Structures are given as C-alpha cells and as structure tokens.
Amino acid sequence: MHSSKSFVFKAIVGAAFAAAASGSALAAAPSFADCFRLKPGVAYTLSDRSKVRIVKGQFAGRAAIGVVSIDEGVKSVKYFDETGRQRLGSEQYGIAGLGGDASKVVIKEIFAAPFPEVPADARPGGTFKLTGKGTRTTKEGSEAFDFGRRYQSEHVFVGFENLELKPNYNPRTFENVCHLSSRGSDNSVDSWYAPEYGVIKMQVKTSKGEPLFSYELDGLEER
C-alpha cells in the first residue's frame, strides 16, 4: 500500500515538474519584438572602429531612444520609439575634418505617421515591408521623400540565431538574435539584431554576391 501511494506521489510530482519545465520553456521562447528593444546606457564598438551608444531623449516632440554612432569623428543619431521597432527619424552632424561644425546638425530626417515600423511578430522565412513618408532638411532647405524610395524597405526574417562574437577578446554568445535580410537593385544587406543592443553584425554584398563591407560588435563598455 505504501509502495502504491509512493508511486502515485512521485507520478504527481513528476507531472508537476514536467508542467513547470514546459511553462519555463514557453516563457523562454525567443521573441521577435525583443530583438529590437534598445537599452539606454548600452555602449560598444564595432569592428569598423565606430562607437555606438544608446541614449534616452526627445525627438520631434516625443519620447525617443537614440542610437548614437561616431565613425571617424562623424556623429549621427537614429531615433526610435520606446519599442525600438518604430523609426522616428535621424540626425547627421557636421564633419570637422571638412570644415564643418561637429556640434551642429546638418542633415535631419523626420518621419510622419504612419511611421516605418517593424512588426511585433514574424515567423522565420516571413517577409515584411517598411513604409512611410518623411521630410529631409539640409542647408539647402527641406524636401519630402518616400521611405521605400530612399531605403531598402522589403525585409526577410531569416530566423533566430545564436551569434558568437568576441567583445574585448572574450568569446560571448548572443542568444536569440534576429537575422534579417534585404535586397536592393545594387546590393544585399544582412543584419543581426540583438535585444538591448540593436544591430551587432552587418554584411553588405553586391548584387552578384561579392562582399562590399561588413562589421560586427567587438568591444563592450563596462556598465
């Protein structure tokens, strides 16, 4: 009798643990939307020697998260909403080496609603398109433009990947990174988006598949 009760108890406990494990597995399932979530304070360098910092601020009168990039002394900022999926616009600063004012915005793009936005969910192999309109302002004045005509707008979600990089020469695996691919008439772009970091790897090739340039995260600042 005792043995029978013990068997039933173990079976119940085993089932409970199995259910818990199943729940944990579901909770740990990768999220497409999470790949685009940006964390203010994150800072890193890329293999092309550019430096990236994620900041919180304001853009065009609304709360925004900025991805600040400094490449050979040239500063640019891309702005997103708080989900990291909606593009609000960008700013490019003057080039001091060419006599410009490095503290002054010389090119500004502001998108209008409905904004170019990555969907909240996508299946591996699925496609989506970024659309929208914006205004580009330079010293010559302002002009309206269509997002799809200026940028590659059609994207394929290749799938989730575990990407191993070596920031600060220390091997590290970035898990559940979203691999996106886009194709234009002249080139193709493959980008890897990691939760909190944004794009941590990119490869650009010609329409014939020949490499043009690439970069990846290779240094992290202590937080």
The lone exception for residue 145 - which of (1) touching a Lys or Arg at 6+ places or on another chain (Cβ under 7 Å); (2) on the phi > 0 side of the Ramachandran plot it fails: (2)
Collect the residues in region 127-161 that are of a type in the set (A, V, I, L, M, F, W, C), farther than 30 Å from residue 101 by Cβ and not in a strand (DSSP E or B), keeping them in residue-number order. 130
Complete set of residues in region 168-203 that are closer than 22 Å to residue 69 by Cβ, among the β-branched types (Val, Ile, Thr) and more than 16 Å from the chain's Cα centre (by Cα): none
Check on residue 189, modelled with pLDDT of 95 or more, part of a strand (DSSP E or B), farther than 19 Å from residue 86 by Cα and aliphatic (A, V, I, L, M): yes
On the basis of being at pLDDT 95 or above and either among the aromatic types (Phe, Trp, Tyr) or under 24 Å from residue 151 (Cβ atoms) (or both), does residue 78 make the cut? yes
Looking at region 151-167, I want the residues that are under 11 Å from residue 200 (Cβ atoms) and have a partner that is part of a strand (DSSP E or B) and among the small types (Gly, Ala, Ser) with Cβ atoms under 6 Å, at least 6 apart or on another chain. Which pairs are those? 167/219
Does residue 50 meet the test of being within 22 Å of residue 167 (Cβ to Cβ), in contact (Cβ under 8 Å) with a residue 24 or more places away in the chain and small (Gly, Ala, Ser)? yes
Filter region 199-219 down to residues that are in contact with a Lys or Arg (Cβ under 8 Å, 6 or more places away or on another chain), crowded, with 16+ Cβ neighbours inside 10 Å and either assigned to a loop (DSSP other than H, G, I, E, B) or of a type outside the set (Ser, Thr, Tyr) (or both), then give me how many there are. 3
Go through region 71-93 and give me each residue that's farther than 12 Å from residue 111 by Cα and polar (S, T, N, Q). 76, 83, 92
Restricted to region 136-190, and to residues that are of a type in the set (Val, Ile, Thr) and surrounded by 15 or more Cβ atoms within 10 Å (Cβ to Cβ), which residue is farthest from residue 221 (Cα to Cα)? 137
For region 83-94, state whether one or more residues are in a loop (DSSP other than H, G, I, E, B) and touching a residue at least 60 places away in the same chain (Cβ under 8 Å). yes
Which one of 65, 95 is β-branched (Val, Ile, Thr) and at pLDDT 95 or above? 65
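The values are calculated or read from the model by the stated rules, or taken from the named source; none is laboratory data. Everything quoted here is computed from the prediction, not taken from an experiment. Every residue, glycine among them, receives a Cβ derived from its backbone with ideal geometry; neighbour counts consider all protein chains shown.
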